[in-house]
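A.B. asks: Please read through the structure below; I'll follow up with questions.
The values are calculated or read from the model by the stated rules, or taken from the named source; none is laboratory data. Predicted, not measured: the structure shown is a model, and the values here were computed from it. Here the Cβ positions follow ideal geometry from the backbone for every residue, glycine too, while neighbour counts run over all protein chains shown. With ligands, DNA and RNA removed, areas are computed over all heavy atoms of the protein, side chains included. Shrake-Rupley method; radii C 1.70, N 1.55, O 1.52, S 1.80 Å.
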6 protein chains.
Amino acid sequence: MIYLTRKEHFNAAHKLWRPDWSAEKNEEVFGKCANANWHGHNFDLYVTVKGTPDPDTGFVIDLKFLSKLIKEKVVEELDHKNLNMDVPFMLGKMASTENLAMEIWKILAPEINVFPNCKLYKIKLYETERNFVEYLGE
Amino acid sequence: MIYLTRKEHFNAAHKLWRPDWSAEKNEEVFGKCANANWHGHNFDLYVTVKGTPDPDTGFVIDLKFLSKLIKEKVVEELDHKNLNMDVPFMLGKMASTENLAMEIWKILAPEINVFPNCKLYKIKLYETERNFVEYLGE
Amino acid sequence: MIYLTRKEHFNAAHKLWRPDWSAEKNEEVFGKCANANWHGHNFDLYVTVKGTPDPDTGFVIDLKFLSKLIKEKVVEELDHKNLNMDVPFMLGKMASTENLAMEIWKILAPEINVFPNCKLYKIKLYETERNFVEYLGE
Amino acid sequence: MIYLTRKEHFNAAHKLWRPDWSAEKNEEVFGKCANANWHGHNFDLYVTVKGTPDPDTGFVIDLKFLSKLIKEKVVEELDHKNLNMDVPFMLGKMASTENLAMEIWKILAPEINVFPNCKLYKIKLYETERNFVEYLGE
Amino acid sequence: MIYLTRKEHFNAAHKLWRPDWSAEKNEEVFGKCANANWHGHNFDLYVTVKGTPDPDTGFVIDLKFLSKLIKEKVVEELDHKNLNMDVPFMLGKMASTENLAMEIWKILAPEINVFPNCKLYKIKLYETERNFVEYLGE
Amino acid sequence: MIYLTRKEHFNAAHKLWRPDWSAEKNEEVFGKCANANWHGHNFDLYVTVKGTPDPDTGFVIDLKFLSKLIKEKVVEELDHKNLNMDVPFMLGKMASTENLAMEIWKILAPEINVFPNCKLYKIKLYETERNFVEYLGE
């Protein structure tokens, strides 16, 4: 059993803001992250797949395929976007890194888990160099 | 003559957009950076001061002072802000990394150049790990 | 279940030295780390909390709270200190990275585990870019 | 139980190529990695040992010993080498990062597992900053 | 005057070897870098352009253009290649990082210096995290 | 003219402290850096040599020689030492990063400047990831 990881990257704007709360409460709970006119981050995304190497290729999964998949299904949707306004699968959700990692899992798991020898294992998402989350699907 | 550098950090949203251009022209020139609803970055800021060490302290400049100065005069103005909307000294300017580095110079140079033994030497500003600008004041 | 990590930083001096051993034996076992007059490191500390996101905020734990907690309870005690002489909870213990990580766990676990939806999951402590330890509490 | 990690480094050439396949099939499957005249990487190797700290030293394993072991048994065999041609334990195998990590495990596990208080826990091998694999021995 | 830098990346095999020298002399002078069957590196390439921001765009040079230029003219020629055998502009030259940086300058300078407001300023090329060269064109 | 840089590393303890000042004044001026029992850092040292590549080797300077020189003349003197107490060339000087960089220059310049085709160009010394100094010899 091998764990193979690919790193991809995107930039996005967001704010932490509940429309059902007053501006005061949003600022009290979310601090600077509630800035009305948004702020943003360079997000680093690490996708880990777990599986057994194919006897012919020595690969758990083809990294060219994995990179293309992440770019097409995730990075295209998020890069240079506003997580609160521009991203269909985040609409109506808090734009926290926690929620974003779980949504990325939901997108990638069915694409990767069709292969007989490997499964999506982990989504690791850096919001800044000092803050990151990991999600293992449950 | 010693060059001393302090790194600070801020996160911000911006877009590259000229209001006197059509949406089509903005997108043609600025590509994804023209996304109407903004995007954002983790900016790394390196401020370099050039001078001679003080004989008493061995310091070109007190790093605690330099860090506090950058935080109060620059990071406070930019962190978790929208560079196009929230930052007085960027209003009416293209929110490019080039312009931002030059404005940071204008803020910090008069604060640092009052010291007899040192001068502001360089502003280095990373927009992403792959893109950065440097400005030496002229 | 989400794993959320915050990175903090401190600088400290230490030496690896048993007072009940001769200088020769200390040097034989600990090599350069037994230098009588100390040496030091930039320590990078990663604290990982495991839990379920709060439905209101999308947070496992408030990162502002977590950062403040680590700074007040751990970094304040260790930063710019001598691990053998200045740190009450390390007195009488070998100042190894292993022991330091376990002591940091003991300090943070009761502060974090009071929250109903999250628990301290891991302490990861870098002594240098090439050496680090991880402790999961048992 | 503590997990202790040491990072070492080597540079090597390789290609992904099956001699029992045509050049066309190799290129179709392995893309640029099948370049006939090789390409290469700076590999970063992280070796993680799991164990209980020794009461006398506070060490899970002596890092000087662990570093020397990895250098003598692994880095010496791989550094500035061609993984397909120069490395006895890779002959006849696909020179994928997956296979290389598993072979490194086979070399290091018996050397580390002789100690009563610790066991080899993980081999983590970076091929590039964006691609890495992990192997836990089964 | 602003200095703007773009980072790109390639992987390649090479050896340091003079065909007019004996194997012994090659090994004596170049050490492990003379390994007959090659070795390789992950090269990080930083291209710095110096100029004045365009009044319309705030750009010294369009980063999308600069990135595309480096990829098409340099990275395409070098990525997943053997610097001694596969790269026309390196044939007959020592495959040292110094020579490679100077050749990359020769390729990029005429493409960038056609713009009225900017000039190529520096090529910085990392062979490993610990070794890099810089070339300013003279 | 090529600039070639080699990175080396050492760990050391120090404090910023003038014995001719009171403890109060030391603390007022140097803050936490005046901790009586020392603190310490992982120092990263970048040595840059400027010169013309040798026609036979393509080298400005042999990196194996440069690395060995830095290790023998500088790292051996500083690694796992106390900068205030254990290092002959720092005795009686403020143990600031500025002063340390200038002393390293004095040691390395005569060793490198004997070569006809190259000269020491720069000492860059990181005290932390956020603080570093550069010295160009005048």
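A.B. asks: Tell me, what is the Rg over Rh of the range A:22-138, with Rh the Kirkwood radius over Cα pairs?
C.D. replies: Over the Cα atoms of the range A:22-138, Rg/Rh equals 1.05.
A.B. asks: Would you mind listing the distances between the E:G137 label point and the same position in each other copy? Use 7 Å along Cα-to-C-beta, nm, one decimal, shortest first.
C.D. replies: 2.5, 2.5, 5.3, 5.7, 5.9
A.B. asks: With an 8 Å cut-off on Cα pairs and a minimum separation of 6 or more residues, tell me the relative contact order of chain A in percent.
C.D. replies: Once divided by the residue count of chain A, the mean separation gives 30 percent.
A.B. asks: Could you give each residue of the range B:113-123 its phi-based ³J(HN,Hα) in whole Hz, using Karplus coefficients 6.51, -1.76, 1.60 with θ = phi - 60°, and x for Gly or Pro?
C.D. replies: Ordered by residue, 3J(HN,Hα) equals 6, 6, 6, x, 9, 8, 9, 5, 10, 8, 10 Hz.
A.B. asks: Near the amide H of B:N82, under 5 Å away, which other amide H atoms are found, from residues 5 or more places off or on another chain, if H is placed in the peptide plane?
C.D. replies: Long-range HN contacts for B:N82: B:A13.
A.B. asks: Using a label point 7 Å beyond Cα on the Cα-Cβ vector, give me the inter-copy distances for E:E72 in nanometres, one decimal, shortest first.
C.D. replies: Distances to the matching label points in the other copies: 2.5, 5.1, 5.1, 5.5, 5.8 nm.
A.B. asks: Roughly how large is the A-B contact in terms of buried accessible area, totalled over both chains, probe 1.4 Å, nearest 100 Å²?
C.D. replies: Numbers: alone 8170 and 8160 Å², together 14660 Å².
Using a 1.4 Å probe on protein heavy atoms, the buried area is about 1700 Å².
A.B. asks: Which of the lysines could a cross-linker bridge to F:K25, judged by Cα under 17 Å and excluding same-chain residues fewer than eight apart?
C.D. replies: B:K64, F:K15
A.B. asks: Quick one: 3J(HN,Hα) in Hz for the range B:53-58, Karplus 6.51/-1.76/1.60 with θ = phi - 60°, rounded, Gly and Pro as x.
C.D. replies: x, 5, x, 6, 10, x
A.B. asks: Please compute the per residue accessible area over the range F:63-137 with all protein chains in place, 1.4 Å probe, rounded to a whole number of Å².
C.D. replies: On a per-residue basis, 41 Å².
A.B. asks: Using the Karplus equation 6.51 cos²θ - 1.76 cosθ + 1.60 (θ = phi - 60°), what ³J(HN,Hα) coupling, rounded to whole Hz, does each residue of the range D:88-96 give in order, writing x for Gly and Pro?
C.D. replies: Each residue of the range D:88-96 in turn: x, 7, 9, 4, x, 10, 4, 7, 7 Hz.
A.B. asks: Still on this structure: Name the long-range amide H neighbours of C:N42: under 5 Å, sequence gap of 5 or more, or other chain; modelled H, no Pro or chain starts.
C.D. replies: The list, which skips near neighbours in sequence, is F:N42.
A.B. asks: Continuing with the same structure: Percent of accessible area on chain B owned by carbon and sulfur, 1.4 Å probe?
C.D. replies: After summing per-atom areas, the C and S share lands at 53 percent.
A.B. asks: Starting from the exponent 0.38 and prefactor 2.2 Å, build the expected Rg for the protein assembly as shown from its residue count and divide its actual Cα Rg by it.
C.D. replies: 0.95
A.B. asks: If each Cα of the range D:71-138 is one equal point scatterer, what is log10 of I(q)/I(0) from the Debye formula at q = 0.13 Å⁻¹?
C.D. replies: -0.38
A.B. asks: Cα convex hull of the range A:1-61: how many Å³ per residue?
C.D. replies: Working: hull volume 7.0 nm³, N = 61.
That works out to 115 Å³ per residue.
A.B. asks: Let me ask something additional. Can you list, shortest first and in nm, the gaps between the label point of B:P19 and those of its counterparts in the other copies, using a point 7 Å from Cα in the C-beta direction?
C.D. replies: 2.5, 6.6, 6.6, 7.0, 7.1
A.B. asks: Also, I was wondering about something else. Using a Gaussian network model on chain C with a 10 Å cutoff between Cα atoms, which of C:G40, C:G92, C:G51 fluctuates the most?
C.D. replies: With Cα springs under 10 Å in chain C, the top fluctuation among C:G40, C:G92, C:G51 is at C:G92.
A.B. asks: Shifting gears a bit: Given the pairs D:K122/E:K73; B:K119/F:K119; E:K50/F:K124, which are separated by over 29 angstrom at their Cα positions?
C.D. replies: Values: D:K122/E:K73 40 Å; B:K119/F:K119 27 Å; E:K50/F:K124 23 Å.
Exceeds cut-off: D:K122/E:K73.
A.B. asks: Taking the axis about which chain D rotates onto chain F, which residue of D lies nearest it as judged by Cβ position, and how many whole Å separate them?
C.D. replies: Minimum Cβ distance to the axis, with residue: D:H9, 6.
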